[in-house]
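Quick note: the coordinates plus some simple rules give every number you see, no bench work behind them. Since the structure is predicted, the reported quantities are computational estimates derived from the model, not experimental observations. Don't worry about glycine lacking a Cβ; one is built from the backbone with ideal geometry, like all the others, and counts go over all protein chains shown.
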Amino acid sequence: MKRAFLVSILFTFFFNSCSVVKFARYYASADSSKGVLKGRLYQTDSTSYEIGELADGWKRINIKGGDLAFWNKKLGSTITVNSTCNKDNKEVKYSLKALSDSLLLGISDKELLHREEIAVDGEKALESVYRGKLDKTAVKINTVVLKKGNCFYDLSYASSPDGFEAGIAEFREFVSRFKVI
């Protein structure tokens with residue numbers, strides 16, 4: 001009971017600080033191509049992809065410049081998806097590590113906790129878990145980056161360190177259903 005109360009207080013503090021929502025805004029790419037989400041299919045002029053389903057607690061939020069962001073008030077967590085495509089139709093030449101590390105701009109006191117290659121949509125992807133601070137508030141972030149053709153895609157899950165485990169399985173299921181069309 002005492003632990004549940006403490007977790008509730010931490011979520012309330014974390015939600016009120018809006019740090020996870022701020023992460024989604026920091027995270028949003030400068031590529032401001034407008035896309036449309038119909039069901040689970042997201043389309044832009046440059047790419048189309050299908051996302052996994054999320055439970056009812058996840059609500060879509062708007063972020064300027066990025067593709068998709070979802071907020072779960074109960075968990076105090078966000079899930080974001082973004083695509084960036086080379087308009088010249090040339091293959092993206094950055095390493096997955098460089099792309100992953102670039103997602104953490106604006107996060108201070110970064111510490112890489114885990115990194116491994118995984119497969120997403122039949123492509124090699126890089127999953128990384130970090131802990132750090134955003135506006136002096138502790139965050140824990142799981143990122144997944146993959147390249148396909150002239151585009152790269154990044155998916156992220158951000159939460160308070162204490163609440164991270166509550167939503168990570170759903171994020172990994174969401175990632176497992178990601179498919180470039």
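Placing unit charges on the Cβ atoms of the charged side chains and taking the dipole of the range 116-164 about its Cα centre, the candidate lying farthest along the positive direction among Val144, Ile118, Gly132 is Gly132. Taking a straight line from the alpha carbon of Lys93, these lysines sit under 26 Å away, with near neighbours fewer than eight places off in the same chain left out: Lys34, Lys64, Lys110, Lys124, Lys147, Lys148, Lys179.
Any chance you could list the semi-axes, whole Å, largest first, of the equivalent ellipsoid that the Cα gyration tensor gives for the range 30-181, using √(5λ)?
Numbers: eigenvalues 105, 68, 43 Å².
In descending order, the three semi-axes are 23, 18, 15 Å.
Kirkwood hydrodynamic radius (Cα pairs, Å) of the range 118-181?
Numbers: mean 1/r = 0.0795 Å⁻¹.
Computed over the range 118-181, the radius equals 12.6 Å.
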